[in-house]
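Participant: Pasting a structure here, questions to come.
The values are calculated or read from the model by the stated rules, or taken from the named source; none is laboratory data. These numbers were taken from a predicted model, which means no experiment stands behind them. Note that each Cβ is placed from the backbone with ideal geometry, even for glycine, and that neighbours are counted across all protein chains shown. For the accessible areas, the whole protein counts, side chains as well, though only heavy atoms, and no ligand, DNA or RNA atoms are used. Shrake-Rupley method; radii C 1.70, N 1.55, O 1.52, S 1.80 Å.
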Amino acid sequence: MGTPWETLDESLREQVSNSVDLYATARPMLEHVAEAMRTRIESLFDETDTTPLFIVTRVKTVESFRDKAARMLVPTAGETPSLEFPNPLREVHDLVGVRVIVKLPHEIREAANLIKRRRSDFDCRSDREKDIGSVESGTYGYSSRHLILKTRGEEVVRDFQAKLGGEVRITGNFVFEVQIRTILSHAWSEIEHDIRFKNAEPRAWSPHIDRQFTATAAMLEAVEDQFSELHERFQTVTGFWDADGEGAVPLSAQRIQLIWQTLLPHVDRKSDDDWGWAAELLAAHGLSGTREFAQLLQPSVITSVRAALDHRYSPGPDRLLDDVLLWHFGTSHIKATSGGDEHRADSLRRRLAQMDVYRLKISGAIDANVAPSAPLTGQLPATSAGANAKKEPKLEAKTGAGAGTAAKNEPAVKSEAQQPKGASGKP
């Protein structure tokens, strides 16, 4: 099977040849039109939050124009052969293409909406998702958003139209295509186009190559999904630190759950969705805002707590939060949250002693291989505490309504002989 030009009916060949010759003559002016459209679209993104990676143009080659102009309609029995585009210089809308390349899928929507809103510059005639691979079809492949835009009275377009010698009216109005796609989709489509359509030997194409392109499209879509999730998570976490925005949102049980699951999604060994006890623990130290809680859960602190206690069983959110607060506030945490429960107080003191040993060990105050001669009291030597304070965010306990109440609703704690060391829960 040959190209449309090669299979064109002889009765139509002269008509198409005339259009092709005229296009070849006027094409250099079309390069100026393309650059003007690129500049105009690029300026739309000035002083906006949406910034494309790059914007490029392409002008249809003479050979590509010839093949498109030579397309015939499928005739029914007895019909005379006819062209799909009898007047290709007026009817083909992708003589000029502008490609807007963005990083992530959500930016495609933002870019398209921005362009469509500029009605003083362009009239949007069409807006379509060109997804050969789509959710509905259950396939993977080319993915891009295509806008068909019409200019309004552009002088550079008038110059091009004048070159066509009366084939079209000189109005300054011109229809062209804008393709908006991600950088990964752009790379895929460029490689696929080169291999599929620029291949000098069509017979070299095989189903295996189709299969490979489908597989790579699926992999790239999965990568884009991961990048999108990463971007959304980063934006959310950034908001936690905004003292005048999300960071100022007061803590509730639901808010604590959201922050925890965003910052520590891997620590999820929780048997229920009750975050009330976590809220009581934080309130006991007067910690009431999103930013304070985010500061509490710094990765370096989590790592230190895990290393100090060497939990036999990976702790759940309640237990790990309890340990982190103990790390930050020491004996103040024991007084504020034991609520007269001696079993809990003893458990907290033992854990604090382990933390003290670890702090001394990393400060070099004791030999890592020699146990201390006497139990530690939960108070760090000044040198150790000072060294540690330089590495961690400083959190100060506040006087809050929840102080001393965190243990009220806590289940009775089993003795060390009855529970595994470091078990998740509320020891």
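Participant: Within region 339-348, does at least one residue satisfy the condition of being over 27 Å from Trp260 (Cα atoms), modelled with pLDDT under 95 and open to solvent by less than 20 Å² (accessible area, probe 1.4 Å)?
Facilitator: no
Participant: Suppose the filter is at pLDDT 90 or above, under 30 Å from Thr262 (Cβ atoms) and not aliphatic (A, V, I, L, M); does Glu229 pass it?
Facilitator: Numbers: at pLDDT 90 or above: yes; under 30 Å from Thr262 (Cβ atoms): yes; not aliphatic (A, V, I, L, M): yes.
Considered against the rule, which asks whether it is at pLDDT 90 or above, under 30 Å from Thr262 (Cβ atoms) and not aliphatic (A, V, I, L, M), Glu229 comes out as yes.
Participant: Which one of Ile362, Ile334 is out of contact with any helix residue (DSSP H, G or I) (no Cβ under 7 Å at 6 or more places or on another chain), open to solvent by 10 Å² or more (accessible area, probe 1.4 Å) and assigned to a helix (DSSP H, G or I)? Spell out the reasoning first.
Facilitator: On the way: Ile334 fails: out of contact with any helix residue (DSSP H, G or I) (no Cβ under 7 Å at 6 or more places or on another chain).
Exactly one of Ile362, Ile334 is out of contact with any helix residue (DSSP H, G or I) (no Cβ under 7 Å at 6 or more places or on another chain), open to solvent by 10 Å² or more (accessible area, probe 1.4 Å) and assigned to a helix (DSSP H, G or I), namely Ile362.
Participant: Being polar (S, T, N, Q) and within 38 Å of the chain's Cα centre (by Cα) is the filter here; which residues of region 54-85 pass it? Working first, answer last.
Facilitator: Taking region 54-85 as the starting set, the residues that turn out to be polar (S, T, N, Q) are 57, 61, 64, 76, 80, 82.
Thr57, Thr61, Ser64, listed by residue number.
Per-residue answers, yes or no, for (1) closer than 15 Å to Trp327 by Cβ; (2) modelled with pLDDT of 95 or more:
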| position | (1), (2) |
| --- | --- |
| Gln261 | no, no |
| Pro265 | no, no |
| Asp273 | no, no |
| Trp277 | no, no |
| His285 | yes, yes |
| Thr290 | no, yes |
| Gln298 | yes, no |
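Participant: Could you please find all residues in region 35-53 being touching a residue at least 40 places away in the same chain (Cβ under 8 Å), within 31 Å of the chain's Cα centre (by Cα) and surrounded by 12 or more Cβ atoms within 10 Å (Cβ to Cβ)?
Facilitator: Matches in region 35-53: Met37, Arg38, Arg40, Ile41, Leu44, Phe45, Thr50, Pro52, Leu53.
Participant: So which residues in region 223-248 are open to solvent by less than 50 Å² (accessible area, probe 1.4 Å) and either of a type in the set (Gly, Ala, Ser) or over 25 Å from Ile191 (Cβ atoms) (or both)? Step through it out loud before you land on a result.
Facilitator: First pass over region 223-248, keeping only residues open to solvent by less than 50 Å² (accessible area, probe 1.4 Å): 224, 228, 237, 239-240, 245, 247.
Of everything in region 223-248, those that are open to solvent by less than 50 Å² (accessible area, probe 1.4 Å) and either of a type in the set (Gly, Ala, Ser) or over 25 Å from Ile191 (Cβ atoms) (or both) turn out to be Ser228, Val237, Gly239, Phe240, Gly245, Gly247.
Participant: Also: I'm trying to understand the selection: among the residues of region 288-306, which are in contact with an Asp or Glu (Cβ under 9 Å, 6 or more places away or on another chain) and in a loop (DSSP other than H, G, I, E, B)?
Facilitator: Answer for region 288-306, where residues must be in contact with an Asp or Glu (Cβ under 9 Å, 6 or more places away or on another chain) and in a loop (DSSP other than H, G, I, E, B): just Gln298.
Participant: Kindly evaluate Glu154 against the criterion of being of a type outside the set (S, T, N, Q), open to solvent by less than 70 Å² (accessible area, probe 1.4 Å), touching a residue at least 12 places away in the same chain (Cβ under 8 Å) and in contact with a Gly (Cβ under 9 Å, 6 or more places away or on another chain). Let's see the steps before the verdict.
Facilitator: Details: of a type outside the set (S, T, N, Q): yes; open to solvent by less than 70 Å² (accessible area, probe 1.4 Å): yes; touching a residue at least 12 places away in the same chain (Cβ under 8 Å): yes; in contact with a Gly (Cβ under 9 Å, 6 or more places away or on another chain): yes.
Yes.
Participant: Go through Ala278, Ala283 for me and flag whichever is in contact (Cβ under 8 Å) with a residue 40 or more places away in the chain, in contact with a Pro (Cβ under 9 Å, 6 or more places away or on another chain) and more than 22 Å from Arg359 (Cβ to Cβ). Give the derivation first.
Facilitator: Numbers: Ala283 fails: in contact with a Pro (Cβ under 9 Å, 6 or more places away or on another chain).
Only one candidate passes the filter, namely Ala278.
Participant: Looking only at region 77-85, decide whether some residue is modelled with pLDDT under 95, aliphatic (A, V, I, L, M) and under 30 Å from Thr214 (Cβ atoms).
Facilitator: No, region 77-85 contains no residue that is modelled with pLDDT under 95, aliphatic (A, V, I, L, M) and under 30 Å from Thr214 (Cβ atoms).
Participant: Let me ask something else. Enumerate the pairs (first residue in region 9-32 and within 12 Å of Leu83 (Cα to Cα) and of a type in the set (Ser, Thr, Tyr); second residue anywhere and at pLDDT below 95 and surrounded by 14 or more Cβ atoms within 10 Å (Cβ to Cβ)) with beta-carbon separation below 9 Å, excluding pairs fewer than 6 apart on the same chain, so at least 6 apart or on different chains.
Facilitator: none
Participant: Evaluate the following for Leu220: is it under 22 Å from Thr50 (Cβ atoms) and aliphatic (A, V, I, L, M)? Please lay out each step first, then the result.
Facilitator: On the way: under 22 Å from Thr50 (Cβ atoms): yes; aliphatic (A, V, I, L, M): yes.
So Leu220 fits the description; yes.
Participant: Is it fair to say Gly247 is in contact with a helix residue (DSSP H, G or I) (Cβ under 6 Å, 6 or more places away or on another chain), among the small types (Gly, Ala, Ser) and without any contact (Cβ under 8 Å) to a residue 12 or more places away in the chain?
Facilitator: Values: in contact with a helix residue (DSSP H, G or I) (Cβ under 6 Å, 6 or more places away or on another chain): yes; among the small types (Gly, Ala, Ser): yes; without any contact (Cβ under 8 Å) to a residue 12 or more places away in the chain: no.
Here the answer is no, as Gly247 does not meet what is asked.
Participant: Also, quick follow-up: Being farther than 21 Å from Leu360 by Cα and open to solvent by 20 Å² or more (accessible area, probe 1.4 Å) is the filter here, so list the residues in region 299-331 that pass it.
Facilitator: Of everything in region 299-331, those that are farther than 21 Å from Leu360 by Cα and open to solvent by 20 Å² or more (accessible area, probe 1.4 Å) turn out to be Arg312, Tyr313, Ser314.
Participant: Out of (1) assigned to a helix (DSSP H, G or I); (2) touching a helix residue (DSSP H, G or I) at 6+ places or on another chain (Cβ under 8 Å); (3) at pLDDT below 95, the odd one out for Thr171 is which?
Facilitator: That leaves (1) as the condition not met.
Participant: For region 265-278, give me each residue that is within 21 Å of Ala336 (Cβ to Cβ) and open to solvent by 30 Å² or more (accessible area, probe 1.4 Å).
Facilitator: Residues of region 265-278 that are within 21 Å of Ala336 (Cβ to Cβ), as a first pass: 274-278.
Within region 265-278, just Asp274 meets the criteria.
Participant: Assuming Pro4 fulfils every condition listed in (1) in a helix (DSSP H, G or I); (2) crowded, with 16+ Cβ neighbours inside 10 Å apart from one, which condition is it?
Facilitator: (1)
Participant: In region 265-287, how many residues are farther than 17 Å from Ser332 by Cα and not in a helix (DSSP H, G or I)?
Facilitator: So the answer is 11.
Participant: So, Leu320, is that one touching a residue at least 12 places away in the same chain (Cβ under 8 Å), closer than 26 Å to Asp242 by Cβ and in a helix (DSSP H, G or I) or not? Reasoning before the result, please.
Facilitator: Details: touching a residue at least 12 places away in the same chain (Cβ under 8 Å): yes; closer than 26 Å to Asp242 by Cβ: yes; in a helix (DSSP H, G or I): yes.
When the stated conditions are applied, Leu320 passes them.
This table checks each residue for (1) aromatic (Phe, Trp, Tyr); (2) touching a His at 6+ places or on another chain (Cβ under 7 Å); (3) part of a helix (DSSP H, G or I); (4) closer than 23 Å to Asn113 by Cβ.
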site	(1), (2), (3), (4)
Ser189	no, no, yes, yes
Asp210	no, no, yes, no
Phe213	yes, no, yes, no
Ala222	no, no, yes, no
